[in-house]
1. When the helix-only estimate is applied to the chain (DSSP H runs of n ≥ 4, each -39,500 (n - 2.57), divided by the residue count), what is the mean residue ellipticity at 222 nm, nearest 500 deg cm²/dmol?
2. Local charge sum around residue 54 (other residues, Cβ-Cβ under 13 Å, Lys/Arg +1, Asp/Glu -1)?
3. Mind putting a number on the dipole of the chain about its Cα centre? Charges go on the C-beta only, +1 for Lys and Arg and -1 for Asp and Glu, and I need it in Debye to the nearest 20.
4. Taking the DSSP beta bridges in the range 15-89 as the whole, what percent of them are antiparallel, to the nearest 5?
5. Residues with beta-carbon under 14 Å from that of residue 70, excluding residue 70: net charge, scoring Lys, Arg +1 and Asp, Glu -1?
6. So how do 58, 19 line up by other beta-carbon neighbours within 10 Å, fewest first?
7. Could you calculate, for the chain, the ratio of the Cα radius of gyration to the Kirkwood radius, expressed as Rg to Rh?
Amino acid sequence: MKILSTLFKKDKKLNIEFCEKNLDRFLKEEQVEEYGAFLSKKNVLHKEYSCQSHCEKCRLSPYAIVNGEYIAADSYAELLEMLKQTSEQN
């Protein structure tokens, strides 16, 4: 059975949720293309919400909810690197 599961291993999906207000506040226009390339990968699912009820944290730094876990960074460039690392681990 292990051989079959190894042969037909499915990539785990990375579920990422963004706050629209947080994106507007911190994502720079020059980063949009790089984010688009990452988010278009087949193992990455993403959704943007108008609000995720993390308002205090949302005002402070860029963040995303990744597979149900809140992660924050100092910049959206740093957050993207964190997302890429998480994607590679899945």
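1. Details: 5 runs with 41 residues, N = 90.
Here the helix-only value at 222 nm equals -12500 deg cm²/dmol.
2. Details: positive: 21, 25, 57, 59; negative: 17, 20, 56, 69.
Within the 13 Å Cβ shell, the charges total 0.
3. Working: 14 positive and 15 negative charges, 129 e Å.
Here the chain has a charge dipole of around 620 debye.
4. On the way: 6 of 11 bridges.
Within the range 15-89, antiparallel bridges account for around 55 percent of the total.
5. Working: positive: 57; negative: 17, 56, 69.
Here the count lands on -2.
6. Values: 58 18, 19 23.
The fewest-first ordering by Cβ neighbours comes to 58, 19.
7. On the way: Rg = 14.7 Å, Rh = 14.0 Å.
Checking Rg against Rh, the ratio lands at 1.05.
Each value in this text was obtained by applying a stated rule to the coordinates, not by laboratory testing. Keep in mind that what you see is a predicted model, and the values were worked out from it rather than measured. All Cβ positions, glycine included, derive from the backbone under ideal geometry; neighbour counts span all protein chains shown.
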